[in-house]
Amino acid sequence: MPRFEVVSADGTRVIAWRNEGAGTPVLICNGLGTPPITWPGIIADGSGFDVRTWYYRGTAGGERPADLTKVTVADHTDDALAVLDSEQIDSAVLVCWSLGVNVGFELLRRHPDRVAGILAVAGVPGGTFGAMGAPLGIPRPLRHLAGLTGAHTGHAIGRPLGWVSRHIPLSRMTAQVISHSGFVLPRATPDRLLPTLEEFREHDFRWYFTLALAAASHPPMDTSFVDVPVSLVAGRYDVLASLHAMRTAAARIPGAQLTVLAGSHFLPLEFPDELTDGLRALVRRTGLPDDLSPSAAG
């Protein structure tokens, strides 16, 4: 499944990806540092989706911007637009996860003609760090500070963290340990979790946490501008996007539908079939052609 390059508005070269599928155009605004394979049902041959996505600036072989401060949600939104423009996609349904939810709603706010609908998974439109930590018992007023502290710590230990992560043998046993940690749940089976970990552990983690810290500056959005179908999917046990925050976001988005799954922050790995079905249901609420008949969807 080929990668390709696009050049963003500020000249930064980012790495993008397509599934070469046929059907409804879909742009995945992914979680930070996560590869396309975290969405197995949506990117599969015969899914009925013509998928594009990209890797965040400075990851997966893409360039870091000449101005190292150009790593905000606004800059990632420029990268998303560059992918759509490069692939000559007029309008797409956005599949957004975690940080990507911020990017998706910014793209809708700035370019409403390019977005037909949004599937927002385990993330809220702005104020990301303030949504963290509820299952850990962190009081709501302290959640943003706790998120910042965690990201600063990750940045400080990024080099040894990278060395350790690349030297831990990845096996089914490793996957079982991780999926019983509470951070990820056992529904993330080894066949889905291990390929994701293989790609994720190759990051420069100092740069990864630089991107995470920049995301903290994106404030909660006034979503009264939303005029496309939106479906939100929350994990009941998510430690990074609390169920309360997801419910609050859904209540503030005109016409939004909220689904709660018994999962963690890693819903794409835990509930791939449910999210694929949720995307198909969302597409039917948009004005895009319906290419999602059983024969088209496989």
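The values are calculated or read from the model by the stated rules, or taken from the named source; none is laboratory data. Since the structure is predicted, the reported quantities are computational estimates derived from the model, not experimental observations. Every residue, glycine among them, receives a Cβ derived from its backbone with ideal geometry; neighbour counts consider all protein chains shown. Note: accessible area is taken over every heavy atom of the protein model, side chains too, but ligands, DNA and RNA are not part of it. Shrake-Rupley method; radii C 1.70, N 1.55, O 1.52, S 1.80 Å.
Pairing residues of the stretch 119-134 that are without any contact (Cβ under 8 Å) to a residue 40 or more places away in the chain with residues that are assigned to a loop (DSSP other than H, G, I, E, B), at Cβ distances under 8 Å and at least 6 apart in sequence or on separate chains, gives no pairs at all. Scanning the stretch 34-75 for residues being among the small types (Gly, Ala, Ser) and either open to solvent by less than 10 Å² (accessible area, probe 1.4 Å) or touching a Lys or Arg at 6+ places or on another chain (Cβ under 9 Å) (or both) gives a total of 7. For the stretch 196-206, the criterion of being over 30 Å from residue 67 (Cα atoms) and open to solvent by 50 Å² or more (accessible area, probe 1.4 Å) is satisfied by no residue at all. Once the stretch 173-195 is narrowed to residues that are among the aliphatic types (A, V, I, L, M) and open to solvent by less than 40 Å² (accessible area, probe 1.4 Å), the residue that is nearest to residue 240 (Cα to Cα) is 184.
On the basis of being among the aromatic types (Phe, Trp, Tyr) and open to solvent by 20 Å² or more (accessible area, probe 1.4 Å), does residue 4 make the cut? When the stated conditions are applied, residue 4 passes them.
Screening the stretch 207-232 for residues that are open to solvent by less than 30 Å² (accessible area, probe 1.4 Å) and assigned to a helix (DSSP H, G or I) and picking the one that is farthest from residue 75 (Cα to Cα) gives 223. Taking the numbered list (1) open to solvent by 20 Å² or more (accessible area, probe 1.4 Å); (2) assigned to a helix (DSSP H, G or I); (3) touching a Leu at 6+ places or on another chain (Cβ under 6 Å) in turn, residue 170 passes all entries but (2).
You will find that of 188, 175, the residue that is at pLDDT 85 or above, under 20 Å from the mean Cα position of the chain (by Cα) and not polar (S, T, N, Q) is 188 and no other. When 107, 84, 119 are checked against the criterion of being under 24 Å from residue 274 (Cα atoms) and either open to solvent by 10 Å² or more (accessible area, probe 1.4 Å) or in contact with a strand residue (DSSP E or B) (Cβ under 7 Å, 6 or more places away or on another chain) (or both), a single residue qualifies: 119. A Cβ distance below 8 Å, combined with a sequence gap of six or more or placement on separate chains, defines the contacts here; from the stretch 189-215, residues that are farther than 14 Å from residue 163 by Cα and aromatic (Phe, Trp, Tyr) reach residues that are open to solvent by 40 Å² or more (accessible area, probe 1.4 Å) and part of a helix (DSSP H, G or I) in the pairs 209/152; 209/155.
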